[in-house]
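Report on one structure; see the data block that follows.
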Amino acid sequence: MSIAGSCLCGKVRFEIEKAVGPFEICHCSRCRKVSGSIGLPMVGVLAQDYRLVSGAEFVQLYMAPLLRRPPRYHTHFCSNCGSPVPPARASGERMEIPAGLFDDDLKLKPDKHIFVECIASWDEITDSLPRFTLRELIRERTK
């Protein structure tokens, strides 16, 4: 049974077979700008489990200027409603999809906050999820 997702206007629709995680809430300034909120909750998915159902013609890519070093920050969005969306075609083995796009229950909960050193001055994390700075995240992922 697949899990459905879509953008705000419904023109971009996709399905995944399952969400594998991680389910991270990113607090970097660029993810805050994409989400317009405290952070961007992203769900890890295997690329082979992702399928765009409709709306490829509405999926656009924005490549942000390079800040310090590669890779550049990029985001895909629906050209009709502006919602962040997954790419039309997955590349690589894994991908991340904004959690708010899913129409069906993921059967996952967030498991960590990342880039917490970038948290906005007006924000406060009030849950007990683990918190990682960029340096800690790199160390964790290279274990």
Kindly provide the set of residues from the range 11-35 that are surrounded by fewer than 17 Cβ atoms within 10 Å (Cβ to Cβ), under 13 Å from the mean Cα position of the chain (by Cα) and over 21 Å from residue 92 (Cα atoms), ordered by number. 30, 33
Starting from the range 85-96, keep only residues that are within 17 Å of residue 4 (Cβ to Cβ), then list their pairs with residues that are in a loop (DSSP other than H, G, I, E, B) and of a type in the set (Val, Ile, Thr) whose Cβ atoms are within a distance under 8 Å, requiring at least 6 positions of separation or different chains. 85/12
Would you check which residues across the range 1-31 are aliphatic (A, V, I, L, M), under 25 Å from residue 113 (Cα atoms) and in contact with a helix residue (DSSP H, G or I) (Cβ under 7 Å, 6 or more places away or on another chain) and list them? 16
Could you identify the single residue in 44, 92 that is more than 13 Å from the chain's Cα centre (by Cα) and either surrounded by 14 or more Cβ atoms within 10 Å (Cβ to Cβ) or not in a strand (DSSP E or B) (or both)? 92
Residue 34: more than 16 Å from residue 116 (Cβ to Cβ), among the aliphatic types (A, V, I, L, M) and not in a helix (DSSP H, G or I), yes or no? no
In the set 90, 99, 120, the lone residue that is farther than 22 Å from residue 37 by Cα and of a type in the set (A, V, I, L, M, F, W, C) is 90
Answer yes or no as to whether residue 108 is closer than 15 Å to residue 4 by Cα, out of contact with any Asp or Glu (no Cβ under 9 Å at 6 or more places or on another chain) and either at pLDDT 95 or above or not in a strand (DSSP E or B) (or both). yes
Whether any residue in the range 15-31 is farther than 22 Å from residue 127 by Cα, touching a Pro at 6+ places or on another chain (Cβ under 8 Å) and assigned to a strand (DSSP E or B) is what I want to check. no
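Restricting the range 63-83 to residues that are within 14 Å of the chain's Cα centre (by Cα), more than 15 Å from residue 5 (Cβ to Cβ) and in a strand (DSSP E or B), which is modelled with the lowest pLDDT?
This residue is 74.
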Considering every residue within the range 121-134, establish whether at least one is surrounded by fewer than 17 Cβ atoms within 10 Å (Cβ to Cβ), assigned to a helix (DSSP H, G or I) and under 16 Å from the mean Cα position of the chain (by Cα). no
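The values are calculated or read from the model by the stated rules, or taken from the named source; none is laboratory data. All values derive from a computational prediction rather than experimental measurement. Quick reminder, even Gly has a Cβ in these numbers, built from the backbone with ideal geometry, and neighbours come from all protein chains shown.
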